[in-house]
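First up is the structure itself, then whatever we jot down about it.
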């Protein structure tokens, strides 16, 4: 099914995938009493943050991410991805995402999904800010001819 | 038990990212591209993810401890400070430049390992830089 006016949008797949992401967060919260925030778990899995006790749990989650995507790609439907042709935006983007998510204590999953659904004021502010700067950044990239 | 649950959560999370189209940096960037061919898919993903999580937070209220751990270990900070704001700003810029945030980047290790690894390497570098300079 497509959305009138937005031929590329995937509303049904988006909603379905979103429900799974929320389910994953619910398992983490109700099962383990923790937030499924990927930036925090990634940092913990390599020992940049947190205690050794939490490290094994973080590693298990981080290994699960590509494994889950692999299973969908292999058994459900081929997943199309389009990366920037040059490594430069990946390197600059990666540095900013890594530094920013540590400084701001979270990313799209921790603040955007887990925190907003908790109605945490901190997470709502963080989400509004990273959304706004995301829109502004891509808007400027379009203005200066970096978007095709 | 805890490890298995954490792995299961990661598996379902990764599957959700793949199904929703969020593993594709170009699609995420198209959501942020309001002056281009705007793609609203990310809004559906966010909406979908908030439903089970909102229910989970309601259920958590009636629980003394989580099902497979001794105690809840949740962020308790309430302060909205400069760190939170600056961090979110940096993250938003990096997200816009690359179309990637940590979850999709890790999921993409299974789909496009080369570029995903470049991003993740830089991301871990940024995290380490924060640890050295700020903490």
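Derivation of every value follows stated rules applied to the coordinates shown; laboratory data play no part. This one's a predicted model, so the numbers in the text were calculated from it and none came from an experiment. Quick reminder, even Gly has a Cβ in these numbers, built from the backbone with ideal geometry, and neighbours come from all protein chains shown.
Observations
- Modelled FRET efficiency - R0 22 Å, residue B:55 with residue A:119, Cβ distances, 0.05 increments: 0.95
- Of A:49, A:26, A:67, the one that fluctuates the most in a GNM where chain A has Cα springs shorter than 10 Å: A:67
- Over the range A:1-81, the reciprocal of the mean inverse Cα-Cα separation, the Kirkwood hydrodynamic radius, stands at 14.6 Å.
- Considering only alpha-carbon pairs that sit under 8 angstrom and 6 or more positions apart, the relative contact order computed for chain B is 28 percent.
- Dividing the helix sum by the residues of chain B, where each DSSP H run of 4 or more adds -39500 (n - 2.57), gives a mean residue ellipticity at 222 nm of -22500 deg cm²/dmol.
- Rounded to whole Å, the principal axis extents of the Cα atoms in the protein assembly as shown read 53, 45, 33, largest first.
- Distance between the C-alpha centres of the range A:39-68 and the range B:100-135: 13 Å, rounded to the whole angstrom.
- Förster radius 22 Å - calculated FRET efficiency between residue B:134 and residue A:88 (Cβ-Cβ, nearest 0.05): 0.30
- More than 26 Å apart - percent of Cα-Cα pairs taken over chain A: 37
- Nearest-ten-degree value, helix B:41-61 long axis tilted from longest Cα axis of chain B: 10
- Convex hull projection area averaged over all views, the range A:85-148, Cα basis, nm²: 4.8
- Kirkwood-type hydrodynamic radius, chain B: 17.4 Å, calculated from all non-identical alpha-carbon pairs.
- Of B:73, B:24, B:108, the one that fluctuates the most in a GNM where chain B has Cα springs shorter than 10 Å: B:73
- Label positions at residue B:82 and residue A:132, each projected 7 Å from the Cα along the C-beta direction, are separated by 1.8 nm.
- Contact order, relative form, for the range A:85-148: 18 percent (alpha carbon pairs under 8 Å, 6 or more residues apart, mean separation divided by residue count).
- The range A:1-81 - percent relative contact order, Cα under 8 Å, separation 6 or more: 14
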